[in-house]
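Heads up, the thing below is written out as structure tokens.
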Amino acid sequence: MDSTSPAHIILIGFMGSGKSSVARMLAAKTGLRLLETDELVVHEAGCCVADIFAKEGEDGFRSRERAVLKALSSQEQSVVSCGGGVVVRAQNRSLLAELGTIVYLEVSAEESLARVGQDDNRPLLRGSITPHQLLEQRRGWYEEIADIRVDTSAKGVAQVADEVYQRLSELKVI
């Protein structure tokens, strides 16, 4: 990361890992702005994630996601909650690594499903691949770019946020 880039705190992980909830708590604890990449994509597209997937497919959504990530390099330091599939593209993984400190919130496929249920707003849950398979496809990418890994299993949001905050403090990120 060059010295002109902001040092974002970036949360990645599978759906249901707690990224959005933990990001909200971290933003409150640090006083940093909260950004959600999926919300930014939706705002830019003018329609919901499911509609983007229906009209443009996953590739179209991932292209929009990449544009949002590129724009983060000119934004003030923020806590950034990323969509679960942000790691699918190698270019996104490289860009995320340049943008700041990456926190991987780990969750099992079982716990993920228990947390999110059969959410119709999650297009990939309607596909032919199971959540277990989807997580296995992505796990290596999450691990590859993570600066910090936190297991969220059987932990509440506040407990995970406190653990992330402590780890970020130890690394002198905050």
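On the given criteria, is residue 82 in contact with a Lys or Arg (Cβ under 8 Å, 6 or more places away or on another chain), of a type outside the set (Asp, Glu) and without any contact (Cβ under 8 Å) to a residue 24 or more places away in the chain? Spelling it out, it is not the case that residue 82 is in contact with a Lys or Arg (Cβ under 8 Å, 6 or more places away or on another chain), of a type outside the set (Asp, Glu) and without any contact (Cβ under 8 Å) to a residue 24 or more places away in the chain. Of all residues in the stretch 140-153, those that are under 9 Å from residue 105 (Cα atoms) have Cβ atoms under 8 Å from Cβ atoms of residues that are surrounded by fewer than 13 Cβ atoms within 10 Å (Cβ to Cβ) and among the hydrophobic types (A, V, I, L, M, F, W, C), 6 or more apart or on another chain, in 148/171. For the stretch 35-53, the candidate set comprises residues that are aliphatic (A, V, I, L, M) and touching a residue at least 12 places away in the same chain (Cβ under 8 Å); within that set, the residue that is nearest to residue 8 (Cα to Cα) is 35.
One residue alone among 98, 44 is in a helix (DSSP H, G or I), acidic (Asp, Glu) and under 22 Å from residue 145 (Cα atoms), and that residue is 98.
May I ask you to verify whether residue 75 is at pLDDT 90 or above, surrounded by fewer than 19 Cβ atoms within 10 Å (Cβ to Cβ) and not in a helix (DSSP H, G or I)? When the stated conditions are applied, residue 75 passes them.
Could you give every pair whose Cβ atoms fall below 8 Å, whose first residue belongs to the stretch 16-31 and is without any contact (Cβ under 8 Å) to a residue 60 or more places away in the chain, and whose second residue is of a type in the set (A, V, I, L, M) and not in a loop (DSSP other than H, G, I, E, B), counting only separations of at least 6 or pairs across chains? Close Cβ pairs (under 8 Å, with a partner that is of a type in the set (A, V, I, L, M) and not in a loop (DSSP other than H, G, I, E, B)) amount to 23/11; 23/34; 23/79; 23/80; 24/34; 27/34; 27/79.
So that you can scan it fast, the table gives a plain yes or no per residue for (1) in a loop (DSSP other than H, G, I, E, B); (2) surrounded by 18 or more Cβ atoms within 10 Å (Cβ to Cβ); (3) modelled with pLDDT under 95; (4) in contact with a Phe, Trp or Tyr (Cβ under 9 Å, 6 or more places away or on another chain):
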| position | (1), (2), (3), (4) |
| --- | --- |
| 118 | yes, no, yes, no |
| 129 | yes, no, yes, no |
| 150 | no, yes, no, yes |
| 160 | no, yes, no, no |
| 167 | no, no, no, no |
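Residues in the stretch 22-66 that are polar (S, T, N, Q) and surrounded by fewer than 19 Cβ atoms within 10 Å (Cβ to Cβ): 2 in all.
The values are calculated or read from the model by the stated rules, or taken from the named source; none is laboratory data. Note that this is a predicted model, so its numbers are computed, not measured. All Cβ positions, even for glycine, are placed from backbone atoms using ideal geometry, and neighbour counts span all protein chains on display.
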